[in-house]
Amino acid sequence: MPLRGCSRAPRLHRRESCARLRNQEIALLANAVNLLVNAASDGAGFQGPGIEEFFPPVIFFEGTPFEINRIMLIRFIATALLIVVFWLGTRRMTVVPGRFQSLVEMGLDFVRVNIAEDLLGKKDGRRFLPIIMTVFFMVLAMNLMGIIPGLNVAGTSVIGVPLLLAVVAYIAFIYAGFKKSPKNFIRNSLFPPGVPAALYVLITPLEFISTFVIRPVTLTLRLMMNMIVGHLLLVLFFTGTHFFLFEAPGLFKLFGLGTIAFGFVFTLFELLIILLQAYIFAILTTVYIQLALAEEH
């Protein structure tokens with residue numbers, strides 16, 4: 001599409017006229033960008049999210065071993081809500097359940113049938129069900145805090161809780177292996193049957209790292225990194241919305257409509273990630289227990 005005025009310029013000067021108009025449009029665009037950048041660099045302008053989001057100041061008991069910051073408080077809230085929900089849902093159970101009891105039972109049956117018993121069978125599934133159930137609903141509750149207005153950060157976005165849950169899964173895996181086969185668990189884990197003896201020099205160190213080091217590390221990092229990225233993106237969308245709507249000059253305010261739409265859509269996507277991460281963590285915990293209970297162990 002020709003620039004305005006180019007088609008009406010005299011033939012001999014059309015090229016020079018188009019170049020001048022193009023330079024003027026570039027200058028206007030550069031000026032608009034400079035206005036936006038200057039507004040953003042102002043003290044009250046846009047401030048993007050950073051890693052300091054996950055190291056908030058202390059709220060209670062500062063200077064003591066029991067310091068509580070915003071994320072610790074959110075973890076307490078998630079734990080309390082979890083206890084209250086299950087207490088209310090199971091304190092007066094009836095043969096014909098009400099709506100709330102049905103909802104709680106649906107969640108419990110989902111973990112029991114689709115994760116524990118599906119992978120471990122009924123006997124071992126019921127034996128390890130308390131651990132699997134706790135892991136699933138704790139991850140779910142902690143993750144949900146990240147999309148609740150006023151809280152807006154997951155309790156699993158700092159390494160403490162993901163590491164604790166990974167250690168629980170690791171201990172359950174070790175316990176299951178030694179319980180099933182006290183003499184052969186370590187040997188079969190580090191020296192897989194059917195491998196030529198000469199290859200154990202290479203295979204055994206790799207099996208040790210993979211089985212006893214990488215598993216808890218990957219469980220921890222997978223959960224934590226997903227929650228960190230989700231939080232940063234949500235903060236970016238909604239702080240950008242506030243900036244464009246209330247601080248950006250002129251027509252730049254219209255960008256706020258786009259950022260709030262993206263923020264809403266990504267909140268729904270984050271909800272899916274929250275559910276998926278709880279499911280994956282519980283599934284992997286169960287798979288590790290299943291591997292420890294395998295016949296070769």
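Out of the residues in segment 156-195 meeting the condition of being in a helix (DSSP H, G or I), of a type outside the set (A, V, I, L, M) and touching an Asp or Glu at 6+ places or on another chain (Cβ under 7 Å), tell me which one is farthest from Met72 (Cα to Cα).
So, considering only residues that are in a helix (DSSP H, G or I), of a type outside the set (A, V, I, L, M) and touching an Asp or Glu at 6+ places or on another chain (Cβ under 7 Å), the one farthest from Met72 (Cα to Cα) is Asn188.
Quick check, is Phe100 at pLDDT below 95 and among the aromatic types (Phe, Trp, Tyr)?
yes
Given the residues Ala278, Ala248, Ala282, which is the only one that is outside any helix (DSSP H, G or I), assigned by TED's automatic domain parsing to the domain that holds Met138 and touching a helix residue (DSSP H, G or I) at 6+ places or on another chain (Cβ under 9 Å)?
Details: Ala278 fails: outside any helix (DSSP H, G or I); Ala282 fails: outside any helix (DSSP H, G or I).
Going through Ala278, Ala248, Ala282 in turn, the sole match is Ala248.
Could you tell me whether Pro216 is at pLDDT 95 or above, surrounded by 15 or more Cβ atoms within 10 Å (Cβ to Cβ) and out of contact with any Gly (no Cβ under 8 Å at 6 or more places or on another chain)?
When the stated conditions are applied, Pro216 does not pass them.
For Asn226, only one of the following conditions fails: (1) in contact (Cβ under 8 Å) with a residue 24 or more places away in the chain; (2) touching a Ser or Thr at 6+ places or on another chain (Cβ under 7 Å). What is its number?
(2)
From the list Leu232, Leu219, Leu236, exactly one residue is closer than 30 Å to Glu270 by Cα and in contact with a Leu (Cβ under 9 Å, 6 or more places away or on another chain). Which is it? Step through it out loud before you land on a result.
Working: Leu232 fails: in contact with a Leu (Cβ under 9 Å, 6 or more places away or on another chain); Leu236 fails: in contact with a Leu (Cβ under 9 Å, 6 or more places away or on another chain).
Of Leu232, Leu219, Leu236, the one residue that is closer than 30 Å to Glu270 by Cα and in contact with a Leu (Cβ under 9 Å, 6 or more places away or on another chain) is Leu219.
Filtering segment 66-99 down to residues that are more than 28 Å from the chain's Cα centre (by Cα) and in a loop (DSSP other than H, G, I, E, B), which residue is surrounded by the fewest Cβ atoms within 10 Å (Cβ to Cβ)?
Out of the qualifying residues, it is Val95.
Would you confirm whether any residue within segment 107-116 is of a type in the set (A, V, I, L, M) and outside any helix (DSSP H, G or I)?
Checked segment 107-116: no residue is of a type in the set (A, V, I, L, M) and outside any helix (DSSP H, G or I).
From the list Val104, Val161, Val111, Val167, exactly one residue is of a type outside the set (Lys, Arg) and exposed (fewer than 14 other Cβ atoms within 10 Å of the Cβ). Which is it?
Val167
For Leu276, all conditions in the list (1) touching a Ser or Thr at 6+ places or on another chain (Cβ under 9 Å); (2) under 28 Å from Ile51 (Cα atoms); (3) surrounded by fewer than 18 Cβ atoms within 10 Å (Cβ to Cβ) hold save one; what is the number of the exception?
That leaves (1) as the condition not met.
I'd like the full set of residues that are more than 13 Å from Phe281 (Cα to Cα) and either small (Gly, Ala, Ser) or within 8 Å of the chain's Cα centre (by Cα) (or both), limited to segment 203-224.
Across segment 203-224, the qualifying residue is only Ser210.
The values are calculated or read from the model by the stated rules, or taken from the named source; none is laboratory data. The shown structure was predicted, so the numbers you read here are calculated from the model rather than taken from an experiment. Here the Cβ is made from the backbone with ideal geometry for all residues, glycine too, and neighbour counts use every protein chain on show.
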